[in-house]
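The values are calculated or read from the model by the stated rules, or taken from the named source; none is laboratory data. Every value quoted in this text rests on a predicted model; they were computed, and no experiment measured them. Note: ideal-geometry Cβ built from the backbone for every residue, glycine included; neighbour counts use all protein chains shown. These accessible areas exclude ligands, DNA and RNA; they are computed on the full protein's heavy atoms, side chains included. Shrake-Rupley method; radii C 1.70, N 1.55, O 1.52, S 1.80 Å.
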Amino acid sequence: MDTSGLPLVVDDSPEWGSKQLDLDAYLARIGYRGPRETSLAALRSLHRAHRDSVCFENVDIALGRTVSLDIDAVQRKIVQAGRGGYCYETNLLFAAALDRFGFPVTRLLVRIREGSGKRRFRSHTALLVRADDTVWLADPGYGYAALIEPLALRPGAESTVAGWSWRLTTEDGHWLLQYRRPEGWFDIYAFRAEPQYAVDFQAAHYVSSTRPGSPFVGQLVVQRANDEERYRLRNNEFMTEYRSGEQRLRVLRPHETVDAVRTTFGLPLTAEEERLLHDFLAARR
């Protein structure tokens, strides 16, 4: 697929609310101190800082709370309160920051694979970003397998960062993002380079955050990664994945799960949230 002609432009549409982002506060939240420019170096540094600092989590959804994609609500939660969010929140926040830097950005909705060829509705968000005359796939908000740095949007592109590897290939008119496991390449998600609008994200978010059977409704999902390990928490099941491919599964008690959310995943829960989360987990035993 030729990406040289993709119509990525600086998107200053008010529907994204990017001008409402407190950019200084956001950059402080992720610890970015680099130049505010539209270079590939800046994009890479921003991407890594966001991925390292903002945890993938659905605590509010698990507790039955309504989650808003309004940029003011997102930055109150992630920037001011130091919480994380799930992909719609975290990647749309990242896109708003890229808008403010002046990067041409296209927001995408993609189909999760997670090793399955089953066709699913588009339930995840990723970004295309133009920097240094190249289009890059950016996605710091996937969770445990999130790209550490952007990946060039071209068939066969590969990236290895801190010992973790990803690649892009194509299949049936779709781009396919994969990451390497000891047994070979593992499908993460598939997408087309089609711009989506705020109303598209609102619809997908509504389904993902309210529909019974959604992987984010009725259960706790918390994920993050560092350069050494990947962590996945689903209710009381805590999986650690190492660069070697080894996986370690632990089954936690409710109070241990709440403690892991606060410590391993770094979420600053209130006392009430800790109690509600404990009761939620205890009811599922």
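Do we find a residue being under 16 Å from the mean Cα position of the chain (by Cα) and open to solvent by 60 Å² or more (accessible area, probe 1.4 Å) anywhere in segment 21-34?
No: zero hits.
Please work out which one of (1) assigned to a strand (DSSP E or B); (2) of a type in the set (Lys, Arg); (3) out of contact with any helix residue (DSSP H, G or I) (no Cβ under 6 Å at 6 or more places or on another chain) is the condition residue 107 fails and give its number.
(3)
What are the residue pairs meeting all of these: first residue in segment 68-88, first residue under 15 Å from residue 23 (Cα atoms) and touching a residue at least 12 places away in the same chain (Cβ under 8 Å), second residue open to solvent by 20 Å² or more (accessible area, probe 1.4 Å) and hydrophobic (A, V, I, L, M, F, W, C), Cβ atoms under 6 Å, and 6 or more apart or on different chains?
Taking only residues 6 or more apart or on different chains, the pairs are 79/25.
Checking residue 217 against (1) assigned to a loop (DSSP other than H, G, I, E, B); (2) in contact with a helix residue (DSSP H, G or I) (Cβ under 6 Å, 6 or more places away or on another chain): exactly one of these is not met. Which one?
Unmet condition: (2).
For residues that are assigned to a helix (DSSP H, G or I) and of a type outside the set (A, V, I, L, M, F, W, C), scanning just segment 224-273, find the one that is nearest to residue 50 (Cα to Cα).
Within segment 224-273, the match that is nearest to residue 50 (Cα to Cα) is 262.
From 261, 217, 222, grab the single residue that is aliphatic (A, V, I, L, M) and surrounded by fewer than 18 Cβ atoms within 10 Å (Cβ to Cβ).
Only one candidate passes the filter, namely 217.
Scan (1) of a type in the set (D, E, K, R); (2) touching a residue at least 60 places away in the same chain (Cβ under 8 Å); (3) in a loop (DSSP other than H, G, I, E, B); (4) farther than 30 Å from residue 16 by Cα for the single condition residue 285 breaks and write down its number.
For residue 285, the exception is condition (2).
Report, by residue number, each residue of segment 232-252 that is open to solvent by less than 30 Å² (accessible area, probe 1.4 Å) and either out of contact with any Lys or Arg (no Cβ under 6 Å at 6 or more places or on another chain) or within 19 Å of residue 266 (Cα to Cα) (or both).
233, 235, 238, 240, 241, 252
Give the residues of segment 199-214 that are of a type outside the set (Asp, Glu) and in a helix (DSSP H, G or I), sorted by residue number.
Scanning segment 199-214 gives 199, 201, 202, 203, 204, 205, 206, 207, 208, 209, 210.
Take the residues in segment 162-173 that are in contact (Cβ under 8 Å) with a residue 60 or more places away in the chain and part of a strand (DSSP E or B); name whichever of them is farthest from residue 119 (Cα to Cα).
164
Taking residue 243 as meeting all but one of (1) farther than 27 Å from residue 68 by Cα; (2) modelled with pLDDT of 95 or more, write down the number of the exception.
Residue 243 satisfies every listed condition except (2).
For every residue, the table says whether it meets (1) under 20 Å from residue 70 (Cβ atoms); (2) modelled with pLDDT under 95; (3) not hydrophobic (A, V, I, L, M, F, W, C).
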residue	(1), (2), (3)
151	no, no, no
155	no, no, yes
175	no, no, no
191	no, no, no
195	no, yes, yes
202	yes, no, yes
215	no, yes, yes
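Could you tell me whether residue 36 is over 27 Å from residue 230 (Cα atoms), part of a helix (DSSP H, G or I) and either in contact with a His (Cβ under 7 Å, 6 or more places away or on another chain) or not polar (S, T, N, Q) (or both)?
No; evaluated as a whole, the condition is false for this residue.
Of all residues in segment 113-161, count the ones that are open to solvent by 30 Å² or more (accessible area, probe 1.4 Å), assigned to a loop (DSSP other than H, G, I, E, B) and either within 14 Å of residue 8 (Cβ to Cβ) or small (Gly, Ala, Ser) (or both).
Within segment 113-161, residues that are open to solvent by 30 Å² or more (accessible area, probe 1.4 Å), assigned to a loop (DSSP other than H, G, I, E, B) and either within 14 Å of residue 8 (Cβ to Cβ) or small (Gly, Ala, Ser) (or both) number 6.
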